[in-house]
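Enquirer: Encoded as structure tokens, here's the structure I'll be asking about.
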Amino acid sequence: MDLVSPQNNPNNYPSPIVGSNSMATTATNDNIISTATPTSSTTTAPPSTTPSRYENQKRRDWNTFCQYLRNHRPPLSLSMCSGAHVLEFLRYLDQFGKTKVHHQTCPFFGLPNPPAPCPCPLRQAWGSLDALIGRLRAAYEEHGGRPEGNPFGARAVRIFLREVRDFQAKARGVSYEKKRKRPKQKVATPSAQPPAPTPATLAGATAAKSTI
């Protein structure tokens with residue numbers, strides 16, 4: 001379509017822009033024709049996927065472990081990592097622990113709420129270590145590791161976590177055993193009672209007795 005400029009057609013006058021739509025008004029033979037052309041179209045942006053809290057923590061744990069391997073003397077590659085190196089990593093993390101674990105010679109051994117401070121060391125809680133190993137085990141396989149060669153699932157690591165759990169339970173006086181759900185008790189329903197006899201039934205029984 002060819003556009004006619006106002007200089008060539010003196011009967012045409014452009015109109016000002018109103019609101020968000022551009023209005024073009026043309027006067028031809030005393031008739032007003034208005035056409036509205038939208039200036040913008042709405043577009044829907046694709047939904048952004050944000051990593052979950054678990055995924056963020058797993059990525060941080062993996063980066064920490066890889067940094068530990070690089071700082072190891074001598075440095076270790078991921079393919080050379082074994083269950084023994086995982087145990088070294090867990091013991092290394094104990095220096096950042098915040099859980100008081102009493103020695104057997106401590107007078108507060110086995111007390112969940114000690115009445116006074118003691119010089120017993122701070123350690124990583126068993127629950128934190130158990131969750132950490134679960135995340136690292138998943139991250140190892142996500143980065144191309146074979147499940148059968150996963151060092152975080154080694155038998156030595158499982159035994160170590162079990163020993164930590166048992167000792168901390170005794171030292172802190174807490175129980176890590178999962179509470180079993182009690183089975184729901186069945187509500188006893190009242191036994192069905194026989195229907196009450198009707199007057200006709202009573203009359204028939206009385207008549208039968210009288211004939212005997």
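None of the figures in this text is laboratory data; all of them are computed from the coordinates on show. Predicted, not measured: the structure shown is a model, and the values here were computed from it. Don't worry about glycine lacking a Cβ; one is built from the backbone with ideal geometry, like all the others, and counts go over all protein chains shown.
Enquirer: Once phi is turned into ³J(HN,Hα) by the Karplus curve 6.51 cos²θ - 1.76 cosθ + 1.60 with θ = phi - 60°, what whole-Hz value does each residue of segment 70-83 show in order, with x for glycine and proline?
Expert: Each residue's phi maps through the Karplus curve to give 5, 7, 5, 10, x, x, 10, 8, 5, 5, 8, 6, 10, x Hz.
Enquirer: Moving on. Counting only residues 5 or more places away or on other chains, whose amide H sits under 5 Å from the amide H of V101 once H atoms are built in the peptide plane?
Expert: R123
Enquirer: What ranking, highest mean first, results for peptides 108-118, 77-87 when packing means the other Cβ atoms within 10 Å averaged over each residue?
Expert: Taking the mean over residues of other Cβ atoms within 10 Å, the ranking is 77-87, 108-118.
Enquirer: Net charge around C66, counting only other residues with Cβ within less than 12 Å of its Cβ (Lys, Arg = +1; Asp, Glu = -1)? Walk me through the intermediate numbers first.
Expert: Numbers: positive: R59, R60, R70; negative: D61.
Charge balance in the 12 Å sphere: +2.
Enquirer: Net charge near D94, counting Lys/Arg +1 and Asp/Glu -1 over other residues with Cβ under 14 Å of its Cβ?
Expert: Combined, the nearby Lys, Arg, Asp and Glu give +2.
Enquirer: Output wanted: per-residue J couplings in Hz (rounded whole) for segment 109-116, from phi through Karplus 6.51 cos²θ - 1.76 cosθ + 1.60, θ = phi - 60°, x for Gly and Pro.
Expert: Using θ = phi - 60°, the values come out as 4, x, 9, x, 10, x, x, 8 Hz.
Enquirer: Using the Karplus curve 6.51 cos²θ - 1.76 cosθ + 1.60 with θ = phi - 60°, what ³J(HN,Hα) values do you get for each residue of segment 140-156, in whole Hz, with x for Gly and Pro?
Expert: So the Karplus estimates, Gly and Pro as x, are 4, 6, 5, 9, x, x, 7, x, 6, x, 6, x, 6, x, 5, 5, 4 Hz.
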